[in-house]
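The values are calculated or read from the model by the stated rules, or taken from the named source; none is laboratory data. Because the structure is predicted, anything quoted here is derived from the model rather than measured. Ideal geometry is used to build each Cβ from the backbone, glycine not excepted, and the neighbour counts take in all protein chains shown.
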């Protein structure tokens, strides 16, 4: 059996570019827009996780937005296929701003590490800043490993902040999986694209 992959050229911009250009003007996105993008990214992750694939490098630079406001999650170059849903990975890989505490602690990890990265991305889309930031790598690792949560975005519904907090729980077993995130009443109420 052979697998094939079709590549399509689409006119896209990385979400990072959109965040950077907006942060220079100090304009936050409307909540409905943030949630719409959040849902599309979560659905892409759900698709991967249902196939036992870990993205392992989800970050705003790997999230692309088409001219028609459709999200494409890209750069699966370091993705990993797990044997089953209970399998774990152990390679230290990814981009530090989005890496979960278990990665920095050299512990095995699973799809909940992608959920952490999703929380970082949604925080960044909401505030136009990294969820965890520091002046040097050691300080960044310390903030992440110790679970030093950033201030949640206050301009949006507090339920969005609570959802972000749940994705950024220090213990992976306390983080929701993507399927549960998409079932949240807040998500269903705020975004009409959730099936």
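Details
- Scanning region 9-19 finds one or more residues that are at pLDDT below 80, assigned to a strand (DSSP E or B) and over 17 Å from residue 130 (Cα atoms).
- Scanning region 134-157 for residues that are within 14 Å of the chain's Cα centre (by Cα) and more than 17 Å from residue 31 (Cβ to Cβ) turns up nothing.
- Scope region 49-63; condition touching a strand residue (DSSP E or B) at 6+ places or on another chain (Cβ under 8 Å) and either outside any strand (DSSP E or B) or surrounded by fewer than 18 Cβ atoms within 10 Å (Cβ to Cβ) (or both); matching residues: 51, 52, 53, 55, 56, 58, 60, 61, 62
- The set of residues in region 32-67 that are modelled with pLDDT of 85 or more and under 21 Å from residue 96 (Cβ atoms) comprises 41, 45, 58, 59, 60.
- Test: residue in region 143-165 that is modelled with pLDDT under 90, exposed (fewer than 14 other Cβ atoms within 10 Å of the Cβ) and under 14 Å from residue 35 (Cβ atoms): yes
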